[in-house]
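The structure appears below as structure tokens.
The values are calculated or read from the model by the stated rules, or taken from the named source; none is laboratory data. No experiment lies behind these values; they were computed from the predicted model shown. When we count neighbours, we look across all protein chains shown, and the Cβ atoms used for this are built from the backbone with ideal geometry, even at glycine.
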Amino acid sequence: MAVSFKDLGLVNTKGLFAKAVKGGYAIPAFNFNNMEQLQAIIQACAETESPVILQVSSGARKYANETLLRYMAQGAVEYAKEITKGKGIPIVLHLDHGDSFELCKSCIEYGFSSVMIDGSHHSYEKNIELTRQVVEYAHKYDVCVEGELGVLAGVEDEVSAEHHTYTQPSEVDDFVKKTGVDSLAISIGTSHGAFKFKPGQDPKIRLDILREIEQMIPGFPIVLHGASSVPQDIVKLVNQYGGKLQDAIGIGEDQLREAARSAVCKINIDSDGRLAMTAAIRKVFAEKPSEFDPRKYLGPARDALKELYKHKIVNVLGSAGHAYDL
Ligand code: G3H
Ligand code: 13P
Ligand code: ZN
């Protein structure tokens, strides 16, 4: 049976984005697939009083199960209240990289308060048509929609592109007007995964394009995908404990901080969390090879994740303390 996100205690992104743009910070959009990741996200955000976007890819939805996810999100709302002594924090449940109208519709029926329709691999016209269709449906239920213009290099779910196609500033105003989207994901040199740049490449994103886009649609909420920084101390730990990650390079945190001060109001982070969990689990396995209680390695992984998220919230996104902005 269909459920509204409002019945689960969730919020959509509209008010949150308006406040984030005005306040010069970005809201964390952390991907999750399981309970430990969700616990770490909620603990980190509730303790720092940050709003949060719980982000679920189509792969994550298949992995976790859609019914379970609905109750996990509802549980997250209650858990945040427990940590904050009843106040709670604003929590959004968001579909990451939706690739069809049907998937977006199904997520809305299962209590999502925000969906992304990623039509960036289609022609400009087809992207507009598909995005518009999702917006018309979603807005009937007060659900917000994120669209994307431009293509990130790397793998986005099953689709992969070898080179970036940067978002063209000249197209954004037309796209936003014709589709009615609530936020826009752009391509300015970030990419998904842990290998964003080749060794020797200048690991810079195109903040100049971001500024041009902002001039075209002043104050409109912008989203950055592929924003993991791939912390080298964590990569080192993974390798120290038997991993094999060579030349893993991410986006410098200073560049993300600068972007978050602008109209970028949602920053997507998945890979850094995967790395932090992997390092912690590998450490336990390497140091205690006889350990076989999952709580003994998932627990430390959860703690490492929480620390990573707190660091992002406080030092990179600047969203700490903004849960109760008016
Ligand atoms: O953008 C991709 C996200 O990191 C989700 O990845 O499709 O492997 O769940 P996934
Ligand atoms: P990272 O792979 O850089 O963490 O990006 C995640 C993302 O954009 C999810 O949509
Ligand atoms: Zn993404």
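General observations
- Among the residues of the stretch 62-106, just one is of a type in the set (Gly, Ala, Ser) and within 16 Å of ligand 3 (Cβ to nearest atom), namely 98.
- Listed by first and then second residue, the pairs linking a residue in the stretch 73-102 that is under 20 Å from residue 27 (Cα atoms) and polar (S, T, N, Q) to a residue that is modelled with pLDDT of 95 or more and more than 16 Å from ligand 1 (Cβ to nearest atom), with Cβ atoms under 7 Å apart and 6 or more places separating them unless they lie on different chains, are 74/8; 74/9; 84/46.
- For first residues located in the stretch 242-270 and of a type in the set (Asp, Glu), partners that are modelled with pLDDT under 95 and buried (at least 24 other Cβ atoms within 10 Å of the Cβ) and lie 6+ apart or on another chain with Cβ distances below 9 Å do not occur.
- Scanning the stretch 112-128 for residues that are surrounded by 23 or more Cβ atoms within 10 Å (Cβ to Cβ) and either more than 15 Å from ligand 3 (Cβ to nearest atom) or within 15 Å of residue 65 (Cα to Cα) (or both) turns up 112, 113.
- Any hit, the stretch 220-231, residues being buried (at least 18 other Cβ atoms within 10 Å of the Cβ) and over 30 Å from residue 15 (Cβ atoms): yes
- Residue match in the stretch 223-232 (condition: of a type in the set (S, T, N, Q) and touching an Asp or Glu at 6+ places or on another chain (Cβ under 8 Å)): yes
Conditions tested, residue by residue: (1) within 13 Å of ligand 2 (Cβ to nearest atom); (2) over 29 Å from residue 24 (Cα atoms); (3) not in a helix (DSSP H, G or I).
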site: 236; (1), (2), (3): no, yes, no
site: 256; (1), (2), (3): yes, no, no
site: 266; (1), (2), (3): yes, no, yes
site: 278; (1), (2), (3): no, yes, no
site: 281; (1), (2), (3): no, yes, no
site: 286; (1), (2), (3): no, yes, no
site: 300; (1), (2), (3): no, yes, no
site: 316; (1), (2), (3): yes, no, no
site: 321; (1), (2), (3): no, no, yes
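- Taking the criterion of being in contact with a helix residue (DSSP H, G or I) (Cβ under 8 Å, 6 or more places away or on another chain) and hydrophobic (A, V, I, L, M, F, W, C), the residues of the stretch 6-30 that qualify are 8, 10, 11, 26, 27, 30.
- Candidates 242, 226, filtered to the one that is within 14 Å of ligand 3 (Cβ to nearest atom) and at positive phi: 226
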